[in-house]
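Chemist: Pasting a structure here, questions to come.
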Amino acid sequence: MAIPFISHRYIILLLIFLSCMQAYEQNNPTIVMIGSGYVGLVSGPGLAEIGNKVICADVDTHKIAMLEQGKLPIYEPGLEKVIAQNVAAEKLSFTADVGKAIEKANVVFIAVGTPMGEDGSADLSYVKAVAELIAQHITSYKVICTKSTVPVGTGAWIRSLLESHGVKPELFDIVSNPEFLREGSAVDDFLKPDRVVIGTETDKAREIMYNIYKPMFDAGAPYIFTTVPSSEMIKYASNGFLAVKISYINEIANLCDATGADVKTVSKAMGLDKRICPYFLNPGPGFGGSCFPKDSQALMYASEKYQVPLEVVKASLATNALQKKVPFKKLCALMHKDLQGKTIAILGLAYKGNTDDIRYSPSINVIKELLESGAQIKTFDPQAMENMKAIFSPYTHAITYCTDAYTACTGADAVMIMTEWNEFKILDLCKIASLVNNKILVDARNIIDIKELKKLGFAFDAIGRSCMCA
Ligand code: NAD
Ligand code: UGA
């Protein structure tokens, strides 16, 4: 009779142990971040930094090999340190075996690309591939969380995809946790967010997600728990709105050019109104990057699909297409349309400062127009030259990549400032004046000291500041 008694006790202890394990895992989940690009490679280490155990996974074996050697595949200020300290603390690791990482994880973040499809919709093929891989490897309960920017309805679509592959509904919960970081300040944006948005379907998933971000919430980060569709919509609504704001100030800048007002003063005064706020009121060569163009376009696709007019978003895209032509038009005006055989120095290739990303960069538009006009290009960007070389590889005869801004300006017939890198804000203009062939300059970012340019005898133009340039 002793044996059944022992085994009964044993079973009770085992059950207690298992329920403790479950509670432990719920409070200390292993996270896998699938996709180690600009978002996954910041969000993964960021979640480790606030105390979680994270595996960053990617199908790009070269990327993972670099990360395992302590090298970064992207340029992002401050990221190297966060990665190094969390790898050392054994809270962060990397793998190219995505399936195995899924098996180990309690929470699976999907952070793969959702680029613009040919019809303007978000291309969900990478998300689908990940969902199918999850279906193959899921054996225990997991939270499946989209960090990628995905259209409303994607969470539900992932659910049906998994179920169609025979995954039992009780094995997973779907969560949406969009990311709002900006490249160039991504680490800070992630660790000190304006808000964390989490869309959940169940209390269990909500609790798991709350625990993941708890240290951040305890430190005062605002958060919003909502439904999955609302969370998905918040991301698009935010990006669409910011894109509209930029297009609006770009149009006002162009009107300033035509009327003699100075957009710098106009936007400063507008921004002092708390309802408007000072951010995202810098006019420039049009918005670029991997997100505003594609997310605005995806909103247009949704507008068609659901037959709901989004005229403001549509206008912002049309304005942006026009704005991308403005720097080149200004250059043509200053050079009396005589660009054939001329050498133009382009300072800045990245779509904004502090990143090596050139996706939808306004510099690409300018380079194409210059090449079509028969100009030669000398260029410098502190981080983005390798990426640009890959795009313009057939034009090595027409584009020279230089080691610094001054080399790029040497012998140039005109200079164009296309990206607001800090080092371009403090250029020695006197030195540039002595190096160029012609003192002509277009400042597409409004960062150059106009008084100094005037003093040095430059013919120049900026955005919305014609009154100051004359
Ligand atoms: P990215 O192209 O830099 O990175 C995507 C990564 O996913 C790549 O490294 C790729 O190799 C990997 N990948 C593709 N398929 C995979 C698979 N099946 N398994 C594992 N890895 C796979 O893209 P990103 O800029 O990081 O953007 C990712 C998502 O985040 C997009 O939806 C984007 O809209 C959104 N987002 C981007 C930013 C940003 O600043 N870049 C900010 C917020 C949100
Ligand atoms: C943008 C959003 O700011 C992030 O919140 C969001 O997470 C991200 O998109 C995304 O979803 O990927 P990002 O594209 O990295 O971040 O950079 P931004 O600083 O927003 O700049 C986007 C573009 O707008 C750049 O080309 C920039 O030069 C331009 N911009 C920005 C202006 O022309 N004027 C401004 O005042 C601000």
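Read-outs: derived from the displayed coordinates by stated rules, not from any lab. What you are looking at is a predicted structure, and each value in this text was computed from that prediction instead of being measured. Don't worry about glycine lacking a Cβ; one is built from the backbone with ideal geometry, like all the others, and counts go over all protein chains shown.
Chemist: Could you state the principal axis extents of the C-alpha atoms in the range 101-179, from the largest down, to the nearest angstrom?
Modeler: Ordered largest first, the range 101-179 gives principal extents of 37, 25, 19 Å.
Chemist: Find how many whole Å separate the alpha carbon centroid of the range 139-212 from the alpha carbon centroid of the range 41-69.
Modeler: Cα centres, the range 41-69 to the range 139-212: 18 Å.
Chemist: Once you charge only the Cβ atoms, +1 for Lys and Arg and -1 for Asp and Glu, what is the size of the charge dipole of the chain about its Cα centre, to the nearest 20 debye?
Modeler: Computed charge dipole of the chain: roughly 700 debye.
Chemist: Assigning unit charges at the beta carbon (Lys, Arg +1; Asp, Glu -1) and nothing else, what dipole magnitude in debye, to the nearest 20, does the range 346-470 show about its Cα centre?
Modeler: It works out to roughly 280 debye.
Chemist: Could you sort 207-214, 445-452 so that the peptide with the highest average Cβ count within 10 Å comes first and the rest follow in order?
Modeler: In descending order of packing, they fall as 207-214, 445-452.
Chemist: Same structure, new question: Name the residue from Ile144, Cys402, Asn177 whose Cα lies farthest towards the positive end of the charge dipole of the chain, charges +1 on Cβ of Lys and Arg and -1 on Cβ of Asp and Glu.
Modeler: Cys402
Chemist: Determine the equivalent ellipsoid of the range 237-322 by diagonalising the alpha-carbon gyration tensor, then write out the semi-axes as square roots of 5 times the eigenvalues, largest first, rounded to whole Å.
Modeler: Equivalent ellipsoid of the range 237-322: 25, 14, 11 Å, largest first.
Chemist: While we're here: By what distance, in whole Å, do the Cα atoms of the range 306-379 stretch along each of the three principal axes, largest value first?
Modeler: Extents along the principal axes, in whole Å: 50, 30, 17.
Chemist: Along each of the three principal axes of the Cα atoms of the range 53-167, give the extent in whole Å, ordering the values from largest to smallest.
Modeler: Ordered largest first, the range 53-167 gives principal extents of 40, 36, 21 Å.
Chemist: Also, I was wondering about something else. Quick one: 3J(HN,Hα) in Hz for the range 146-151, Karplus 6.51/-1.76/1.60 with θ = phi - 60°, rounded, Gly and Pro as x.
Modeler: Along the range 146-151, the couplings run 7, 9, 4, 7, 10, x Hz.
Chemist: With 27 Å as the cut-off, how large is the P(r) tail for the range 8-226, expressed as percent of Cα-Cα pairs?
Modeler: 30 percent
Chemist: By how many nm would the segment from Leu371 to Ser303 grow when fully extended, if each residue of separation counts as 0.36 nm and the alpha-carbon distance is taken off?
Modeler: Here the segment from Leu371 to Ser303 would lengthen by 20.9 nm.
Chemist: What is the dipole size for the range 8-226, taken about its Cα centre, with +1 at each Lys and Arg Cβ and -1 at each Asp and Glu Cβ, in debye to the nearest 20?
Modeler: 600 debye
Chemist: Going toward the positive end of the dipole of the chain, with +1 on Lys and Arg Cβ and -1 on Asp and Glu Cβ, which of Ala186, Cys291, Gly341 do you reach last?
Modeler: Gly341
Chemist: Same structure again: How many nm separate the modelled label positions at Lys454 and Trp157, each set 7 Å beyond the Cα in the direction of the Cβ?
Modeler: If labels sit at Lys454 and Trp157, their model points lie 5.4 nm apart.
Chemist: If amide H atoms are built 1.01 Å from N in the plane of the peptide, which residues on other chains or at least 5 residues away come under 5 Å of the amide H of Val196?
Modeler: Tyr223, Ile224
Chemist: How high is the FRET efficiency from Lys168 to Thr227, r the C-beta distance, R0 22 Å, rounded to 0.05?
Modeler: 0.45
Chemist: Note down the nm distance, to one decimal, between modelled labels 7 Å out along Cα→Cβ at Leu72 and at Thr139.
Modeler: Those two pseudo-labels are separated by 3.7 nm.
Chemist: If you count, for each residue, the other Cβ atoms within 10 Å and average over each peptide, how do 179-186, 388-395 line up from highest to lowest?
Modeler: 179-186, 388-395
Chemist: What is the antiparallel percent of DSSP beta bridges lying wholly in the chain, to the nearest 5?
Modeler: Antiparallel bridges: around 5 percent, rounded to the nearest 5.
Chemist: For Thr410 paired with Val312, estimate the spin-label separation in nm (one decimal), with each label point 7 Å from Cα along the Cα-to-Cβ line.
Modeler: Each label point is offset 7 Å from its Cα along the Cβ direction, giving 5.1 nm.
Chemist: Let me ask you something else. So if I restrict to the alpha-carbon atoms in the chain, what is the Rg, and what is Dmax, the biggest pairwise distance, in Å?
Modeler: For the chain, the Cα-based Rg and Dmax read 25.7, 104 Å.
Chemist: In addition: State the percent of C-alpha pairs, over all pairs in the range 324-469, separated by a distance greater than 29 angstrom.
Modeler: Considering the range 324-469, 6 percent of its Cα-Cα pairs are separated by more than 29 Å.
Chemist: Then there's this: Fully extended, how many nm does the chain gain between Cys332 and Arg182 (0.36 nm per residue separation, minus their Cα-Cα distance)?
Modeler: 50.7 nm
Chemist: Shifting gears a bit: Between Ala129 and Asn438, what length in nm is gained on full extension when 0.36 nm per residue of separation is reduced by their alpha carbon distance?
Modeler: Taking Ala129 through Asn438 to full extension adds about 105.9 nm, to one decimal.
Chemist: Thr30's amide H: which non-local residues (gap 5+, or another chain) put their own amide H closer than 5 Å, with H modeled 1.01 Å from N in plane and none for Pro or chain starts?
Modeler: Hits under the 5 Å cutoff: Asn106, Val107.
Chemist: Place the peptides 288-295, 320-327 in order of packing, highest mean first, counting for every residue the other Cβ atoms within 10 Å and averaging per peptide.
Modeler: The most tightly packed comes first, giving 288-295, 320-327.
Chemist: What would the Debye equation give as log₁₀ I(q)/I(0) for the range 362-422 at q = 0.14, 0.25, 0.26 Å⁻¹, counting only Cα atoms as equal point scatterers?
Modeler: -0.35, -1.28, -1.40
Chemist: What residues have an amide H closer than 5 Å to that of Thr400, excluding those fewer than 5 places away on the same chain, when H is modeled at 1.01 Å from N in the peptide plane?
Modeler: Ile377, Lys378, Thr379
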